1. Give me the pairs: first residue in the stretch A:264-281 and among the charged types (D, E, K, R), second residue part of a helix (DSSP H, G or I), beta-carbon distance under 6 Å, and six or more apart or on different chains, which are they?
2. In the stretch B:418-448, which residue that is part of a strand (DSSP E or B) and more than 7 Å from chain A (Cβ to nearest Cβ) is surrounded by the most Cβ atoms within 10 Å (Cβ to Cβ)?
3. Among the residues of the stretch B:196-230, how many are open to solvent by less than 10 Å² (accessible area, probe 1.4 Å) and either within 19 Å of B:Ile123 (Cα to Cα) or not hydrophobic (A, V, I, L, M, F, W, C) (or both)?
4. Among the listed residues A:Gly40, A:Gly90, A:Gly113, A:Gly82, which satisfies the condition of being open to solvent by less than 30 Å² (accessible area, probe 1.4 Å) and at positive phi?
5. If you scan the stretch B:195-236, which residues turn out to be within 26 Å of B:Asp374 (Cβ to Cβ) and touching a Ser or Thr at 6+ places or on another chain (Cβ under 8 Å)?
6. Collect the residues in the stretch B:353-371 that are open to solvent by 20 Å² or more (accessible area, probe 1.4 Å) and either among the charged types (D, E, K, R) or over 20 Å from A:Cys426 (Cα atoms) (or both), keeping them in residue-number order.
7. Considering only residues that are farther than 30 Å from B:Lys157 by Cα and within 22 Å of the chain's Cα centre (by Cα), look in the stretch B:93-110 and name the one that is least open to solvent (accessible area, probe 1.4 Å).
8. Regarding B:Val378, is this residue β-branched (Val, Ile, Thr), within 7 Å of chain A (Cβ to nearest Cβ), open to solvent by less than 10 Å² (accessible area, probe 1.4 Å) and within 20 Å of A:Leu106 (Cβ to Cβ)?
Number of protein chains: 2
Amino acid sequence: MSLTNASPSEAAKAAKGASHVLATLSASARNDALTAIHSGLAAARDDILAANACDLELARKAASTGDLSQSLVARLDLGKKGKWEDMLKGILDVRELEDPVGKVTLRTKLDDGLELERVTCPIGVLLIIFEARPEVIANIASLAVKSGNSAILKGGKESTESFIAISKVISEALTKTQVPNGAIQLVTTRDVIPQLLDLDRYIDLVIPRGGNELVRYIKSSTKIPVLGHADGLCSIYLEQSADPKMAAEVIVDSKTSYPAACNSLETLLIQESALQALLPTAAEALIAKGVTLRCDPKSKVALEANLPADMAKMLVDATDVDFDTEFLSLDLAIKTISGVEEAISHINTHGSHHTDVVLSSSQDLAEQFMTSVDSAGVYWNASTRFADGMRYGFGTEVGISTNKIHSRGPVGLEGLMIYKYKIRGCGQVTASYGEGEEARSYKHERLL
Amino acid sequence: MSLTNASPSEAAKAAKGASHVLATLSASARNDALTAIHSGLAAARDDILAANACDLELARKAASTGDLSQSLVARLDLGKKGKWEDMLKGILDVRELEDPVGKVTLRTKLDDGLELERVTCPIGVLLIIFEARPEVIANIASLAVKSGNSAILKGGKESTESFIAISKVISEALTKTQVPNGAIQLVTTRDVIPQLLDLDRYIDLVIPRGGNELVRYIKSSTKIPVLGHADGLCSIYLEQSADPKMAAEVIVDSKTSYPAACNSLETLLIQESALQALLPTAAEALIAKGVTLRCDPKSKVALEANLPADMAKMLVDATDVDFDTEFLSLDLAIKTISGVEEAISHINTHGSHHTDVVLSSSQDLAEQFMTSVDSAGVYWNASTRFADGMRYGFGTEVGISTNKIHSRGPVGLEGLMIYKYKIRGCGQVTASYGEGEEARSYKHERLL
């Protein structure tokens, strides 16, 4: 590992070279490296928190003059209750995950003494760009080592001191392991992102860990594949046969349990025939939680007729753009539609292909919705907020992807893997399998 | 399907809309569409061959003045022995493949009455850009329909008449099936490729079927993921313990059985200690097949001392650039190296991560080579030319990928699929799984 003044291309080239060694290490060698990182960080707690305090002091000053948001200051703080312990525990959690390297996923006997095998292997070099939260360094370094990938880490400038302190510790810890120098590259110099994004020769995958603006900028600035979602515009379709109480609970959880999350609800589609029977219960529960309802004309009329006057007063008229907006706040757009076909069409057109839900008592209708909606997650009678790697049982989460290739939805370690094909033969040549009397035939016997 | 004067963005938008319907069709509906395409083409044989004859006449004229290569004219000819029959049989072969849609690849009980499922589904809209060979239309249309993907097909201008004739037939055939209008878009207008490559909003994957120049141009011109390889620089490492006769046979097959193919051999790495014992046998066999050997100084000295004088005269001095060159001809670069480590390092640096081979009697050494070489195919004692979807037993081949994500190596139907996560619940909300005494815990019980 190096904490470098190296140029981006030197760092990337070194990471590529190291990735070829890292890919050959045993699971125990990679796990030992995680143990070393964990012990190193535990021992250096005071130094790291002192460095973090410097970052915090600068950030608080910037916040006091309005140059930085308070929420960013909060994300910087490694001393916040439980954060340090969670960071350390996260490293051990990753260590305990099943080894993703070297799994045989296909085995075919092509002919006698000629066997084909498909084996999982690391992708190569990951570029991870993240914003303020310094604990992400430890998390990402762990995931990279566990999966056998090299990583180039580029942190935000507000966390520079924390970043350098953690990096030094990780770096020293790794020198005592089999992980090669250069496998984890830390880039602290500014303004190198455009240069890094240009290095598709060395970098195989970019993982942005930050806000939508960062992700959108990166997606539009590189030829390297990007794992992540730029938007999370999730919808719920509330169908007439849904149970009113269940529906209200799921909608409230989806909207209010963490409004700034990408898997939070932004648009509620209500079936016209359910305006009277189902919408008011849900609306009351939402307003009670402080949600501003942005209603289309039909839903507004229905709610005005059914809500207490003080609540009805708080309704807002929806504009067209509301149905294409990821609010990330306690706002919800409500649109009246005729039925499931229109719901599917609306979601496929206006959604961000992240996570969408149907609330209904009809299994047939729910299955139609889930087959037809083109999103990474399609749920029946469950909150949008289940879209999460930990909740899915992946043990960790690299990110949530709205890509249509490689990895979709919450991405665990599997998303950092690819495969290679091995053939073990004894001198076979393809010309033997041509035409003619003496030609051999492929057996193509599936062994796994 | 439409054979359009539609603008690229209209065509792509229509393809996207159709993809949402196509994704919901049953396997039998998709297979019926393939039957209809097959019958339609079989019935229209004479018309299509007449259209093809027009293309051929123009092409032959262009070839006679040197404006077009003879090999392109040959690729255009649908009347060539067996080509028409192969095209028709290919459609039925695709129809008989296992349905790739709707396979459940993961099932987890998150909690009582809350089940997570990962299900394969089509990617969405494919853009396929191909050069002269008109039979590719039928092949690609079949693969798209079978996999539930929409496809936008852009053919080369030399095959315009054949393309239109085949397209009309496919179009008419599909109108009688459940495949929606717009699922297969045929674009014949010129100069639309840059516009299509800009439509990442509608197009999910680009598949270029043509020469390296086409692929390289496309890879550098779009944000849409590209499935394909720009280069196929395959190497063989001939290690001292290899059997001389076996080695010569594999090397000759790899180099000469189809020199223009991407999976043909371009660089031979010979272990220094095997220069006398192994290289001459292989070199003699290669020269007998007309291969020009471009030797580094050490290999040249060894061959001059061991080959008959008339053969030794034909040796050429290698230049540095030869070891980075995909010859696609009967040329082979030969480099002398110290051992397996140097072979691995040379291949990882100079190769194109396509397919590389070690010839050796040592299993340990072969396993080290296969683990360390960062290529889609790594073989022990087998020809590079086994890198092929049919030979791998995939039933069909969409292309060969040197990408590091999604699909690597020969790509079958699986490469046209992605997945979605379905959750079936009964009103669960994430807030129930928080902290506190009444909080529920995830069960994460793996059911599949």
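1. Short answer, once both residue conditions are applied: none.
2. As a first pass, look at the stretch B:418-448 and keep what is part of a strand (DSSP E or B): B:418-428, B:445-446.
Cutting the leftovers down to more than 7 Å from chain A (Cβ to nearest Cβ) gives us B:445-446.
Numbers: B:Glu445: 12, B:Arg446: 10.
Checked the stretch B:418-448; the qualifying residue surrounded by the most Cβ atoms within 10 Å (Cβ to Cβ) is B:Glu445.
3. So the count comes out to 9.
4. After ruling out the rest, the residue left standing is A:Gly82.
5. B:Val206, B:Lys223, B:Leu227, B:Gly228, B:His229, B:Ala230, B:Asp231, B:Gly232, B:Leu233, B:Cys234, B:Ser235, B:Ile236, listed by residue number.
6. Residues satisfying the conditions are B:His353, B:Asp364, B:Glu367.
7. B:Pro100
8. Considered against the rule, which asks whether it is β-branched (Val, Ile, Thr), within 7 Å of chain A (Cβ to nearest Cβ), open to solvent by less than 10 Å² (accessible area, probe 1.4 Å) and within 20 Å of A:Leu106 (Cβ to Cβ), B:Val378 comes out as yes.
The values are calculated or read from the model by the stated rules, or taken from the named source; none is laboratory data. Predicted, not measured: the structure shown is a model, and the values here were computed from it. Note that each Cβ is placed from the backbone with ideal geometry, even for glycine, and that neighbours are counted across all protein chains shown. We work out accessible area using only protein heavy atoms, side chains counted, and drop any ligands, DNA or RNA first. Shrake-Rupley method; radii C 1.70, N 1.55, O 1.52, S 1.80 Å.
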